[in-house]
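Enquirer: Dropping a structure here in structure tokens format, bear with me for questions.
The values are calculated or read from the model by the stated rules, or taken from the named source; none is laboratory data. The model shown is predicted, which means the values in this text are computed figures rather than measured ones. Every residue, glycine as well, gets a Cβ built from its backbone with ideal geometry; the counts of neighbours run over all protein chains shown.
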Amino acid sequence: MVYDSKTQEENLSLVEKINSVFLGTRDFKVLAERAVNLMTDQLKHEGIVSATIYRVHPEEKAVYAYAFSSRTFDAVNKLLPKKLTELHVSIDESSNLLVKSILRREEQEGDSLYDFAKPALNETVAGTIQRMVGARHGIVYPLRLKQGKVAGAILFGVEGKVIEDRQRVILEAFRSQLELAFENVLEFERVVERYKRSVAKTFEKTHEEDIPTVRFTLRITPKQNSVLDKMAKEKSVDKASFIRSLIDKAAEG
């Protein structure tokens, strides 16, 4: 399909807005919230009525919801059985289109929200939410990383029964920008995690070095013992603690 210059300019403008919003974001949840809000705000005239972002939790073998946006946001939240960020589905739930998109690393489409949300939402709740949002069709894209892994997915609700070519171009451009942004976020998380592990090891080593484990015998004269007694009493500590404090001061100096 051939697009006119106005359409191309609009697409370029959207990409620029995406970059400006995502630039510098280092928190996955914050990025997800900004992304869904941007899409539903900028593409209302394109028939995009809702957007939801999910993240894969490999250690739990589950996919969690992270952010949702629609004009009926508050009403939808009241219908959810639990907090949005607590909703999740098992990665083994292969009949779920969201999970299927992640496993196959390709977009999936359907007319029923329930097919994207089961069993986290039952069919009645999913149907009610879909009617409130005004979505007659849904499409979910996997968020793929350079290493070939899938970090999560983004689900769009559209008011039409089919996804038009113009909508696909815009949604796929957005998905590509989002993948780059998430790649940066995940790399930042990896750097932070490596730093935490490094600090933990250093602290553990330092902590071990501070634990008294070495014993030795020190022979002193009665006169020296008398002086040591006096100095320890002035500091209100025992002689052993006083000697250790002198060694610590010498180490610091």
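Enquirer: Pick out the one residue from Ala200, Ala251, Ala232, Ala240 that is in a helix (DSSP H, G or I), at pLDDT below 75, more than 43 Å from the chain's Cα centre (by Cα) and not charged (D, E, K, R).
Expert: The conditions single out Ala251.
Enquirer: With the condition kept exactly as written, say whether any residue in the stretch 136-145 is in a loop (DSSP other than H, G, I, E, B), modelled with pLDDT under 95 and surrounded by fewer than 21 Cβ atoms within 10 Å (Cβ to Cβ).
Expert: The answer is yes, given that some residue of the stretch 136-145 is in a loop (DSSP other than H, G, I, E, B), modelled with pLDDT under 95 and surrounded by fewer than 21 Cβ atoms within 10 Å (Cβ to Cβ).
Enquirer: Which condition from (1) under 22 Å from Asp27 (Cα atoms); (2) surrounded by fewer than 22 Cβ atoms within 10 Å (Cβ to Cβ); (3) not polar (S, T, N, Q) is the one that Val63 breaks?
Expert: Unmet for Val63, out of (1) under 22 Å from Asp27 (Cα atoms); (2) surrounded by fewer than 22 Cβ atoms within 10 Å (Cβ to Cβ); (3) not polar (S, T, N, Q): (2).
Enquirer: Among the residues of the stretch 116-126, which ones are under 24 Å from the mean Cα position of the chain (by Cα) and in a helix (DSSP H, G or I)?
Expert: Phe116, Ala117
Enquirer: Turning to a different aspect of this structure: So, in the stretch 34-50, how many residues would count as being within 17 Å of the chain's Cα centre (by Cα) and not β-branched (Val, Ile, Thr)?
Expert: Count: 3.
Enquirer: Also, quick follow-up: Among the residues of the stretch 87-95, are any part of a helix (DSSP H, G or I) and either on the phi < 0 side of the Ramachandran plot or under 22 Å from the mean Cα position of the chain (by Cα) (or both)?
Expert: no
Enquirer: Just need a number here: residues in the stretch 96-115 that are part of a loop (DSSP other than H, G, I, E, B) and within 23 Å of Lys82 (Cα to Cα).
Expert: 3
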